[in-house]
């Protein structure tokens with residue numbers, strides 16, 4: 001291949017084949033759209049696993065002339081390999097039998113290796129196998145934070161020259177929101193004018209039980225908590241805690257999955273985002289809330305201090321008292337709120353998906369050499 005020839009890049013887009021996109025699927029969507037925006041020369045193939053064919057109505061199309069889509073079957077990929085110069089697995093997984101095609105993989109977090117509390121055994125075993133395979137076969141490993149990189153390397157030491165940290169970005173749709181749009185979103189979702197917000201999976205790792213306990217310890221006049229996210233591993237404990245604490249829907253309301261178009265208005269209307277997670281590989285809701293001008297209470301755990309970069313009020317996620325005190329400070333101290341909003345906006349402005357795409361492209365080119 002001549003040095004100036006366009007690269008032929010394959011990206012496993014299987015994570016996009018779903019109706020409700022959260023977490024990794026939002027990462028893949030934002031990355032491929034940003035790649036289309038910054039690179040009009042290289043040729044991209046969005047590859048969908050054959051097992052996703054029944055979800056074909058949700059296959060994403062990047063409306064650029066240098067993008068196409070195709071199906072592939074795990075284990076039957078020699079033809080795919082001949083049509084590519086590099087292949088990227090953005091969901092910590094790469095297909096076999098790609099011959100000498102250089103492989104790039106993104107690892108988002110390693111919480112499943114840390115504790116059985118965060119995921120069931122089937123999920124954890126699948127991740128263990130996938131991570132060991134990446135350590136053995138990927139030319140480059142991309143991590144969305146230094147925290148994720150360091151935790152991965154504790155389990156799977158690999159050569160330093162195969163590792164890159166490429167953070168996520170903030171979608172342009174998150175920013176200053178017209179008050180009328182925020183009010184309309186509240187009306188659609190049945191959210192009161194004053195509320196605290198929790199965004200993320202309703203799961204043990206997200207620490208929602210302690211958030212509810214902190215809310216219950218505060219005066220009844222405290223704005224209610226709105227929880228936006230799908231039910232995942234450990235959600236039963238969260239619901240049991242809500243009942244145990246006597247928190248009705250007037251104080252703690254579960255919205256379930258919220259469409260991405262409603263997220264920015266939901267952030268913008270909140271008195272604060274509560275995100276004291278027990279472990280995060282990155283913590284994108286923190287940056288999204290920053291961009292919308294919402295104060296954030298986050299935790300000292302995982303990648304959150306790294307992502308927040310001084311823009312959030314950080315608390316010990318294991319202390320209900322610390323979480324409650326942090327909520328009280330944000331609600332009662334106008335100076336603190338104003339400072340958090342200003343620092344958060346500055347922090348969010350540092351992270352764009354276009355920059356993520358450029359840095360990812362640089363890794364593709366290095367791998368192809």
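Quick notes on this structure:
- Acute angle (nearest 10 degrees) that the helix 146-155 long axis makes with the longest principal axis of the chain, alpha-carbon atoms: 70
- Between 145, 25, 277, the residue with the greatest mean-square fluctuation in the GNM of the chain (Cα pairs under 10 Å linked by springs) is 25.
- The translational diffusion coefficient of region 8-112, from Stokes-Einstein at 4 °C and 1.567 mPa s with a Kirkwood hydrodynamic radius over alpha carbon pairs, comes to 93 µm²/s.
- Placing R0 at 45 angstrom, the Cβ-Cβ distance between residue 362 and residue 300 gives a FRET efficiency of 0.90 after rounding to 0.05.
- Among 54, 69, 128: highest mean-square fluctuation, GNM of the chain, C-alpha pairs under 10 Å: 54
- Choice from 99, 269, 281 showing the highest fluctuation, given a GNM over the chain with Cα pairs closer than 10 Å: 99
- Global form of region 330-369, assessed from the alpha-carbon gyration tensor, a/c cut-off 1.5: prolate
- Remark: relative contact order (the chain) = 16 percent; criterion is Cα-Cα distance under 8 angstrom and separation of 6 or more residues.
- Cα principal axis extents for the chain, largest first, Å: 66, 42, 39
- Shape category assigned to region 209-274 from the gyration tensor of Cα positions, a/c cut at 1.5: oblate
- Modelled spin labels at residue 257 and residue 332, positioned 7 Å past Cα toward Cβ, are 4.0 nm from each other.
- Extending 7 Å from Cα along the Cβ direction at residue 20 and again at residue 163 yields two label points whose distance is 3.5 nm.
Throughout, read-outs are computed from the coordinates displayed, never taken from laboratory work. What you see is a predicted model, and the numbers here were worked out from it, not measured in a lab. Cβ sites come from the backbone with ideal geometry, for glycine too, and all protein chains shown count toward neighbours.
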